[in-house]
Amino acid sequence: MRKITAWQDRLKPSIRSLPEKTQVRELLDAELGLYLLSQVAGETEPTTGLWTLLTGYSHDAIFKSLSEVQKRAIAIARHLLVRYRRPYSWNELLKTYRSFPESVRGYEVSTDLTTYQRRQNFSEALNRFEVYEQTLLTGIPFVTSSITWAKPGAYSTFRNKMGQLLKK
């Protein structure tokens, strides 16, 4: 299993003007998607088209001209932005993103959600674009957990309200 929110943990503490955790997540998800789009297609492509990159289909018209680094960035983003691989979800995220204060947004998105431009004057998470770049270049870490092995002896376990005694 992958830890798909690890990259956000580096930016969340520096974003204080959005009171809810979900708002911070939505801000970062939208900006990672817009950053990916700018790296793969440039700011000339409409923002509403990002979801097509997240579907997993390799459209020849798009993928033929991409470098291996760009293809890898798309593959990583597909895991991180999985909930936005449909047009409705992505467009709703963009609408929500536009509602955030300008001082926290790293991109300006047009009211019709088609064009976007990177902003230079924002007051929080000043290193966000470096984090986005690093996120799309490095692998997604695995979730790690430790196992505590049982010592010899008798144990009780319950499943569906039925108990069972386990003996060695």
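What number, rounded to the nearest 500 deg cm²/dmol, is the helix-based mean residue ellipticity at 222 nm of the chain, given -39500 (n - 2.57) per DSSP H run of at least four residues and division by all its residues? That comes out to -12000 deg cm²/dmol. Placing unit charges on each Cβ (+1 for Lys and Arg, -1 for Asp and Glu) gives the range 3-46 a dipole about its Cα centre, and among A41, L11, L28 the Cα reaching farthest toward its positive end belongs to L11.
What shape does the range 29-85 have by the C-alpha gyration tensor, where a ≥ b ≥ c are the square roots of the eigenvalues, rounded means a/c under 1.5, and otherwise prolate means a/b greater than b/c and oblate the rest? Rounded, because the longest to shortest axis ratio a/c is under 1.5. Count Lys and Arg as plus one, Asp and Glu as minus one, and take only other residues whose Cβ is under 11 Å from that of L93; the net charge is then +1. Spin-label pair T144-S99: with each label point 7 Å from Cα along the Cα-Cβ axis, the two points sit 3.9 nm from one another. As a proxy for reagent exposure, ranking L27, L54 by other Cβ atoms within 10 Å from fewest up yields L54, L27.
Applying 0.36 nm per residue to the separation of T55 and A6 and subtracting their alpha-carbon distance, the gain on full extension is 15.4 nm. Enter the Cα centre distance for the pair the range 115-137 and the range 71-103, rounded to the nearest angstrom. Spelled out, the Cα-based centre of one part sits 14 Å from the other.
Charged side chains reduced to their Cβ positions (Lys and Arg at +1, Asp and Glu at -1) give the chain a dipole of some 1320 debye around its Cα centre.
Might you report the magnitude of the Cβ-based charge dipole of the range 30-100 about its Cα centre, with Lys and Arg at +1 and Asp and Glu at -1, to the nearest 20 debye?
Taking the Cα centre of the range 30-100 as origin, the dipole is about 240 debye.
The order of L113, L137, going from fewest to most other C-beta atoms within 10 Å of their C-beta, is L137, L113.
Set the Förster distance to 30 Å, then compute FRET efficiency between E133 and T111 from the Cβ-Cβ distance, nearest 0.05.
The value I calculate is 0.60.
Once semi-axes √(5λ) of the Cα gyration tensor in Å is calculated for the structure shown, the corresponding label among (i) 70, 14, 12; (ii) 32, 18, 16; (iii) 39, 21, 16 turns out to be (iii).
Counting lysine pairs in the chain whose alpha carbons fall under 26 angstrom apart, excluding pairs fewer than 8 residues apart on the same chain, gives 9.
Could you give the length gained on full extension between R118 and S17, defined as 0.36 nm per residue of separation minus the Cα-Cα distance, in nm? Full-extension gain reported as 34.4 nm.
Where a number appears in this text, it was derived from the coordinates with a stated rule and is not lab data. These numbers come from a predicted model, not from an experiment. Backbone-built Cβ (ideal geometry, glycine too); neighbour counts: all protein chains shown.
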